[in-house]
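**Q** Next up is a structure, given as structure tokens.
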Amino acid sequence: MKTTWQDYYDTMQKELGGDVAQIFVESLIAASHGSEKTATRFFYHLGKLWAPVIVSWAEWIKKRAEHGSIALILRDAKPLQEIPYAHEWKRLYLNRQNCGIPDELSGDIAQSCHPLLKRYLEENSCKSDFTFVDSGCYGTIVLELHQFDIRFQPLFFFSKNPHIPGFLNELGFSEKEGEILNDSLECAFPNVYRRPEEILIDGNGRVTVPLTNADALSVLFGAEALRGIREGFESQNFHDDGKRSVEHLLSLSTLAQNGTFTGILGASSPEWSGKKHFLEHWPKHLSWV
């Protein structure tokens, strides 16, 4: 691989694990014949394919949100930013790293919440009574913040936690289907930015989260995928409940299992080894279903 492709593979390996990342990146290189321009077009069309699903998810969020303002948890809820009415929703850059949670797949080690985290949430009016929108799956950040007396309602794209509602769950999709589509949304749908680790005070005395670009191809692919979301939204009328559009993405996952690049993963990333213990010890009073 050229350096740019190697950098992209390194990014995807951290997101998906080595085996899944290798299959995904190699199938992309094969389909595009190594052309960055061709690969970029693939991601634009991927955004258009995701558009009706993202719109349906956004509509579900509006119906399900019961507590105050809506806050998108970025990076993973990123496609929702492209829906016009979601421009009014807050944006919070939260992740395991700045919430003090180790990440098994990426190898990131964290010991405690960032000392400015509470102030960051307070300055964004997200200390209590808001709706926390993330892709999923378990709720590690949800639990961590509630232990710090930060109160909110979580809504996920897909949930493995029976106490947290998930969009795909309520449409009736299986755990295996949800895993693949959630990983495809979080990771195969490219991230323009790396996971931010730091929280700072800017020159105006406000708390801010500095963003760092991902590798060059992820930035290029991610921008085009988001453009596809925007233009997909503008060019279509969405009348179904999103289920048929989700089923179409799952059919692309089936194709990907044969080594064909579709932009949707053929398999999910390795499951978290702490899943069973975490869910068994979930505080039963924290439930929104």
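**Q** Add -39500 (n - 2.57) for each DSSP H run of 4 or more in the chain, then divide by its residues: what number comes out at 222 nm, to the nearest 500 deg cm²/dmol?
**A** After summing the helix terms and dividing by the residues of the chain, the value is -14000 deg cm²/dmol.
**Q** What whole-number value in Å² describes the accessible area per residue of the chain for a 1.4 Å probe?
**A** Per-residue value: 45 Å².
**Q** With respect to the cross-link table entries K62/K160; K118/K276; K127/K276; K118/K176; K37/K243, which display a Cα-Cα separation exceeding 27 Å?
**A** The pairs that break the limit, which is 27 Å between Cα atoms, are K118/K276; K127/K276; K118/K176; K37/K243.
**Q** Another one. Just tell me which lysines come within less than 16 Å, Cα to Cα, of K78; anything on the same chain fewer than 8 places away is out.
**A** Counting by Cα, and skipping residues close in sequence, K78 has these lysines nearby: K48, K90.
**Q** For the range 239-280, what is the per residue volume of the convex hull drawn over the alpha-carbon atoms, in cubic angstrom?
**A** Expressed per residue, the convex hull around the Cα atoms of the range 239-280 is 106 Å³.
**Q** Could I ask something else about it? With each label point set 7 Å from Cα along the Cα-Cβ vector, what nm distance links E88 and W272?
**A** 3.3 nm
**Q** List the residues, sorted by chain then number, that are 5 or more residues from T208 or on another chain and whose placed amide H is less than 5 Å from its amide H.
**A** So T208 has HN proximity to L200, I201, D202.
**Q** Given all pairs of different Cα atoms, what value in angstroms does the Kirkwood hydrodynamic radius of the chain take?
**A** After inverting the pairwise mean of 1/r, the radius is 19.4 Å.
**Q** Under the Karplus relation 6.51 cos²θ - 1.76 cosθ + 1.60, θ = phi - 60°, what is the ordered set of whole-Hz ³J(HN,Hα) values for the range 152-166, x standing for Gly and Pro?
**A** Ordered by residue, 3J(HN,Hα) equals 6, 9, x, 9, 10, 5, 9, 10, 9, 9, x, 9, 10, x, x Hz.
**Q** ³J(HN,Hα) across the range 64-76 via Karplus (A = 6.51, B = -1.76, C = 1.60, θ = phi - 60°), whole Hz, x for Gly/Pro?
**A** 8, 5, 10, 10, x, 6, 9, 10, 7, 8, 9, 8, 5
**Q** For the chain, which whole percent of the accessible surface, found with a 1.4 angstrom probe, sits on carbon and sulfur atoms?
**A** The computed percentage sits at 49.
**Q** For the range 28-81 and the range 190-234, what is the separation of their Cα centres, given in Å?
**A** 13 Å
**Q** Apply 1/(1 + (r/R0)^6) to the Cβ-Cβ distance of E280 and D129, taking R0 = 25 Å, and write down the FRET efficiency to the nearest 0.05.
**A** Efficiency at R0 = 25 Å is approximately 0.30.
**Q** Just to check I understand the Karplus step: with θ = phi - 60° and J = 6.51 cos²θ - 1.76 cosθ + 1.60, what whole-Hz values come out for the range 30-47, glycine and proline as x?
**A** Going residue by residue, I get 5, 5, 9, 6, x, 8, 5, 5, 5, 4, 5, 4, 4, 6, 4, 5, 4, x Hz, with x marking Gly and Pro.
**Q** For Y93, enumerate residues with amide H under 5 Å from its amide H, sequence gap 5+ or separate chain, H modeled in the peptide plane.
**A** L74
**Q** In a solvent-free Debye calculation with one equal scatterer on each Cα, what is log10 I(q)/I(0) for the range 1-150 at q = 0.12, 0.13, 0.15 Å⁻¹, listed in the order of the q values?
**A** -0.66, -0.77, -0.96
**Q** Oh, and also: Quick query: amide H of F130 versus all other amide H atoms, modeled in the peptide plane; which residues come in under 5 Å with a sequence gap of 5 or more or a different chain?
**A** Amide H to amide H, under 5 Å and 5 or more residues apart or across chains, F130 pairs with Q153.
The values are calculated or read from the model by the stated rules, or taken from the named source; none is laboratory data. All figures in this text were calculated on a predicted structure; none of them were measured in a lab. Every residue, glycine as well, gets a Cβ built from its backbone with ideal geometry; the counts of neighbours run over all protein chains shown. What goes into the accessible areas is simple: the full protein's heavy atoms, side chains included, and nothing from ligands, DNA or RNA. Shrake-Rupley method; radii C 1.70, N 1.55, O 1.52, S 1.80 Å.
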